[in-house]
Amino acid sequence: MKKYKLARKILAVALVGVFSQSSIAFEQSRSIDCIAPAAPGGGWDFTCRSIGKVMSDLDIISGTVQTNNMPGAGGGVAFAHVVGKRKKDSSLMVASSTSTTTRLAQRQFPGMDPEGVRWAGAVGADFGVIAVGNSSPYNTLNELIDAIKKDPKQVKFAGGSAAGGWDHLKVLIAAKSGGVTDLKHIPYLAFAGGAEALTQVVGGHISAFTGDVSEIIGFLDSGDVRVLAVLSDERLPAPLNDLPTAKEQNIEAVAPNWRGFYVPKNISDEAYQWWVQSLDQIYVSEQWQAVMRQSGLMPFHKTGAEFKTFVDQQVQDIRAISKDVGLIR
């Protein structure tokens, strides 16, 4: 029944892509600029570059998609740039994720909120992971949690989000579920992107990495990292099905990280619908489904009003989690 419903939904979205694009008066007049709000090599950079290639392959645009890396403040620099300087630019999209809603939930973008942009859509979900270097003494998540219980300060984590961001929250969620009570003293070091954080862990400078599946694929292939836990309800599909989940180790930690885009607030409704329907078309394409399989992205697709409702709810939920662990008042 679930497969039938999924197939029906994919068919409906595909028909929208085929028949509705022609009904939109708006057309992109130049190449697309995709802002990745972090340094090259991380999840947002991956999202921009992957979507850009598929957009070109599907001839959704006649020009090119240029990825513009704009790191800073956990995505805040890019958010402020769009809100302040490019709020009418219909050829601009910005890669976003649960990290974005986390920062908004914690009011880390001063003077800004989710209403400052238009939420176009999500095209997959990346699940969180906790990983260590191949020479690490920790072989399971429970061993790592036990070490934290003995002395929280001895286990340092590295991630690509700012302190208090989604990568940081994953550690706190797992630790709290594992019975750790001294959450505030677990060291977390923020880096400009997942690749930089992983390099520190592989080099033995930091105990463990907290991030997403897509960020560790290359390091897994090279044998440089060992995944202690995927923060998902069930094991991921092959070839990642040998990675253990936190839940099967009796740690109730699930942390999906959606991948998607927002666009400037003051673009026309026609331009916004063009973005929505373009993302619908991309999501059901064979090209994007292949990207999802190769990168470990799981099915997750919401666009337009449905996505806006989801974002608003996630902001509320993350704000509540952040209060529970004392990150915000």
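The values are calculated or read from the model by the stated rules, or taken from the named source; none is laboratory data. Note that this is a predicted model, so its numbers are computed, not measured. Here the Cβ is made from the backbone with ideal geometry for all residues, glycine too, and neighbour counts use every protein chain on show. SASA here: full protein model, heavy atoms, side chains in, ligands and nucleic acids out. Shrake-Rupley method; radii C 1.70, N 1.55, O 1.52, S 1.80 Å.
Could you look through the stretch 32-42, keep only residues that are more than 14 Å from A73 (Cβ to Cβ) and out of contact with any strand residue (DSSP E or B) (no Cβ under 6 Å at 6 or more places or on another chain), and pick out the one that is least open to solvent (accessible area, probe 1.4 Å)?
Of everything passing the filter in the stretch 32-42, G42 is least open to solvent (accessible area, probe 1.4 Å).
Only residues that are touching a residue at least 24 places away in the same chain (Cβ under 8 Å) and either part of a helix (DSSP H, G or I) or aromatic (F, W, Y) (or both): list them for the stretch 29-49, please.
Selection gives G43, W44, D45, F46, T47, C48.
Just a yes or no: is a residue in the stretch 119-131 surrounded by fewer than 20 Cβ atoms within 10 Å (Cβ to Cβ) and farther than 30 Å from L92 by Cβ?
The answer is no, given that none of the residues of the stretch 119-131 is surrounded by fewer than 20 Cβ atoms within 10 Å (Cβ to Cβ) and farther than 30 Å from L92 by Cβ.
How many of the residues in the stretch 128-145 are in a helix (DSSP H, G or I) and either over 15 Å from I173 (Cα atoms) or not assigned by TED's automatic domain parsing to the domain that holds A208 (or both)?
1
Run down K149, K176 and say which single residue is closer than 23 Å to K247 by Cα, surrounded by fewer than 17 Cβ atoms within 10 Å (Cβ to Cβ) and in contact with an Asp or Glu (Cβ under 9 Å, 6 or more places away or on another chain).
The conditions single out K149.
Determine, yes or no, whether E252 is among the charged types (D, E, K, R) and either more than 30 Å from V117 (Cβ to Cβ) or assigned by TED's automatic domain parsing to the domain that holds V54 (or both).
yes
Going by what's in this entry, would L172 be described as modelled with pLDDT under 95 and either assigned to a helix (DSSP H, G or I) or under 16 Å from the mean Cα position of the chain (by Cα) (or both)?
Yes.
Quick check on A253: is it of a type in the set (G, A, S) and in a loop (DSSP other than H, G, I, E, B)?
Taking the combined requirement at face value, the residue satisfies it.
With touching a Leu at 6+ places or on another chain (Cβ under 9 Å), charged (D, E, K, R) and surrounded by fewer than 16 Cβ atoms within 10 Å (Cβ to Cβ) as the only criterion, which of E215, E143 stands out?
On inspection, the qualifying residue turns out to be E143.
Identify, by number, the condition in (1) assigned to a helix (DSSP H, G or I); (2) at pLDDT 90 or above; (3) open to solvent by 20 Å² or more (accessible area, probe 1.4 Å); (4) not hydroxyl-bearing (S, T, Y) that N266 doesn't meet.
Only one criterion in (1) assigned to a helix (DSSP H, G or I); (2) at pLDDT 90 or above; (3) open to solvent by 20 Å² or more (accessible area, probe 1.4 Å); (4) not hydroxyl-bearing (S, T, Y) is unmet by N266, namely (1).
Condition first: under 18 Å from the mean Cα position of the chain (by Cα) and either among the charged types (D, E, K, R) or surrounded by 24 or more Cβ atoms within 10 Å (Cβ to Cβ) (or both). Now tell me which residues in the stretch 104-116 satisfy that.
The answer is L104, A105.
I'd like to know if the stretch 56-74 contains one or more residues that are of a type in the set (A, V, I, L, M), assigned to a loop (DSSP other than H, G, I, E, B) and closer than 27 Å to I173 by Cα.
no
Out of everything in the stretch 281-329 that is among the β-branched types (V, I, T) and not in a helix (DSSP H, G or I), what residue ends up being nearest to L104 (Cα to Cα)?
Filtering the stretch 281-329 for residues that are among the β-branched types (V, I, T) and not in a helix (DSSP H, G or I), the one nearest to L104 (Cα to Cα) comes out as I328.
Return the residue satisfying two criteria in turn: it lies in the stretch 226-263 and is surrounded by fewer than 23 Cβ atoms within 10 Å (Cβ to Cβ) and hydrophobic (A, V, I, L, M, F, W, C), and of such residues it is farthest from I318 (Cα to Cα).
In this case the residue turns out to be A238.
Are there any pairs with C-beta distances below 7 angstrom linking a residue in the stretch 63-81 that is without any contact (Cβ under 8 Å) to a residue 40 or more places away in the chain to a residue that is hydrophobic (A, V, I, L, M, F, W, C) and assigned to a helix (DSSP H, G or I), with the two at least 6 apart or on different chains, and if so which?
V65/M55; T67/C48; M70/V77; M70/A78
Out of (1) farther than 19 Å from V254 by Cα; (2) under 20 Å from the mean Cα position of the chain (by Cα), the odd one out for S222 is which?
Condition not satisfied by S222: (2).
Only one of (1) surrounded by fewer than 23 Cβ atoms within 10 Å (Cβ to Cβ); (2) farther than 19 Å from T47 by Cβ is not met by A192, so which one is it?
The single condition A192 does not satisfy is (2).
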